[in-house]
Amino acid sequence: MSHDHDDRPQLTAAQAAAVLNPPAGRNGGDLVVESLQGLGATTVFGLPGQHALGMFDALRRSSLRYVGLRVENNAGFAADAYGRITGEVAPLLLSTGPGALTSLAALQEAAAASAPVLAISSQIPSAGLGGGRHGYLHELRDQQASVRDIVKSVHTVRTASQIPSAIAAAWESALTAPHGPVWVEIPQDVLLAETTLPVVSAMDATPRELYPRPELTIAAAHLLSNAERPVIIAGGGVVRSDASGKLRALAEKIDAPVVTTFGGKGAFPWEHPLSLRSWLEDRHTTDFLEDADVLLVVGSGLGELSSNYHTFRPRGRVIQIEADPGKLESNHPALGIHSDAREALADLLEAVERREDAGAAERVRTVLEKVRVRIEAQELTLEQQVLAAVREALPDAAPSFWDMTILAYWAWSAFDARRPNTMHSAQGAGGLGYGFPAAIGAAAADPTKPVLAVSGDGGAMYSIAELATASQYDLPLTWLIVDDGGYGILREYMTGAFGETTGTELARPDFVALAESFGVPAVRTSPESLAADLGKALAAPGPSVVVLPALLRMFEPTHL
């Protein structure tokens, strides 16, 4: 492509002088932070390490805000939450080898949840690359091989001039639907070497838009317009693409009941007459979905948790809108539409004909009543009381982050998220320790709202070090720890499967005294005083901990 002379950037004399005479004392690390600033980043997460010190020194010369956590995996969870809350790229600065590897579980969760995390890792010096066994500190035979199965894309830098382009390409990849984590790695010597390259200016890394093919929209609209019993399953893709308004408009136009997956919590109003809520682990819901003659699945791959553990067998036509082409028809034959959820719903909304079904809301009420009767028969009043107390204490707009714990398993099905993009959990990859460090990332993203983290005592021990982070940055978050003396859900699974448990019972600290040793106010509560204690903690500035000693039970599954 040729360029006319008039297309070239026109610089003032002062700008030209700045480009031709960049400030002294810059290195490859400066090119990293200048690139991030040029792309619009404001906050970075991470941990320093020997090979990465060039990047961290450069932070000192930048306007970027640094939030440093105590464990790389927790820094990854914080970046994940920042990406989910803002929809923007969350840079994550890591060191080589152990530092890089310790972040992998968090990057797996970011991949499963489509969170745009940009991991920038250092590497051993260039002389050691290529698989030779030189014995450098942190040396791996092939560091990229350890991350390639997890992230969307890998971007390698070998010279200083490659840094801005590699970071811009990774940025674009992270924000192209489906969002996800990406990886850039830069050798230590490249980060430390002085550079005379001009300061990086604003860069364009606009992601590709992912539109549906028009013939597929027409086919889907025809099926939905002529359906007798259409139903919609709304997944995390609706939340990620900010499409909840379009979803509601479509559901109301064709009178289609909507169930949200656990990743799609808040995508559809809980109290809406067409809302089947999130009772996916319930046979009454599964039966209702199977009875649909046309089932529209938006932003979900219908994986294990979204299909009642793969017991779901749709009998009608399935239309699946999904940004990840690998998930199209991966579990059920469908009219597969490869598209961002927002774009596809916008086109469908225009193309479908209005369809009225006076009985749809009544059928929804019938299913929800059957679910209620089933749960109430199990005498789980404590669990419902605790969940109701959390809902009462939490402001509607405040985000919550749930670890893999029994109360979270209840919340997936029974918690009213009230607003889109406010309830998040680690149900994508299912790793422990997500809740509290993720809440740190959300509080860093928007310190004007209180943030709630929910963990069990087992999951809490994964991230207890981050009490120091919350205290250091004085972040407005409250950590609810449900202390039952072990891995509660695994205790239930093992008892059910084998009649006894192994490895599930845990010694643990006095969480109140431990939090206070970090300078974080803490209180021990009861189910009766939980709503008041939690509300008080959430209303107070800075971090706080609320400990609830309670042995919660799960409701009976229907898939066994």
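The values are calculated or read from the model by the stated rules, or taken from the named source; none is laboratory data. Here the structure is a predicted model, which means the values were calculated and not measured. Every residue, glycine as well, gets a Cβ built from its backbone with ideal geometry; the counts of neighbours run over all protein chains shown. Just the protein is used for accessible areas: all its heavy atoms, side chains included, with ligands, DNA and RNA removed. Shrake-Rupley method; radii C 1.70, N 1.55, O 1.52, S 1.80 Å.
Worth pointing out:
- Scan the stretch 229-255 for residues that are outside any strand (DSSP E or B) and touching a helix residue (DSSP H, G or I) at 6+ places or on another chain (Cβ under 7 Å) and the total you get is 16.
- Yes/no for His138 being without any contact (Cβ under 8 Å) to a residue 40 or more places away in the chain and in contact with a helix residue (DSSP H, G or I) (Cβ under 7 Å, 6 or more places away or on another chain): no
- Within the stretch 257-269, restricting attention to residues that are closer than 17 Å to Ala341 by Cα and touching a residue at least 60 places away in the same chain (Cβ under 8 Å), the residue that is surrounded by the fewest Cβ atoms within 10 Å (Cβ to Cβ) is Gly266.
- Checklist (1) open to solvent by less than 10 Å² (accessible area, probe 1.4 Å); (2) closer than 28 Å to Met423 by Cβ; (3) in a helix (DSSP H, G or I); (4) of a type outside the set (Phe, Trp, Tyr) applied to His51, failing item: (2)
- Look at (1) at pLDDT below 95; (2) part of a helix (DSSP H, G or I) and you find that Ala439 fails only one, number (1).
- The residues listed here are Thr502, Thr495; of these, the one that is open to solvent by 30 Å² or more (accessible area, probe 1.4 Å), part of a loop (DSSP other than H, G, I, E, B) and out of contact with any Lys or Arg (no Cβ under 8 Å at 6 or more places or on another chain) is Thr502.
- The lone exception for Ala145 - which of (1) open to solvent by 40 Å² or more (accessible area, probe 1.4 Å); (2) touching a helix residue (DSSP H, G or I) at 6+ places or on another chain (Cβ under 8 Å) it fails: (2)
- Those residues of the stretch 260-284 which are more than 20 Å from the chain's Cα centre (by Cα) and not in a loop (DSSP other than H, G, I, E, B), in sequence order: Ser275, Leu276, Arg277, Arg283, His284
- Checking each residue in the stretch 256-282 for being among the β-branched types (Val, Ile, Thr) and in contact with a helix residue (DSSP H, G or I) (Cβ under 7 Å, 6 or more places away or on another chain) picks out Val258, Val259, Thr261.
- Taking first residues from the stretch 191-202 that are charged (D, E, K, R) and partners that are open to solvent by less than 90 Å² (accessible area, probe 1.4 Å), the Cβ contacts under 8 Å between residues at least 6 apart in sequence or on separate chains come to Glu194/Gly25; Glu194/Arg26; Glu194/Asn27.
- Hey, Ala444 under 25 Å from Asn308 (Cβ atoms), among the small types (Gly, Ala, Ser), in contact (Cβ under 8 Å) with a residue 60 or more places away in the chain and open to solvent by less than 10 Å² (accessible area, probe 1.4 Å) or not: no
- Taken over the stretch 203-246, the criterion of being among the hydroxyl-bearing types (Ser, Thr, Tyr) and farther than 27 Å from His179 by Cβ is satisfied by Ser225 alone.
- First in the stretch 67-86 and modelled with pLDDT of 95 or more, second anywhere and open to solvent by 10 Å² or more (accessible area, probe 1.4 Å) and β-branched (Val, Ile, Thr), Cβ under 6 Å, 6 or more apart: Glu72/Thr102; Asn73/Thr102
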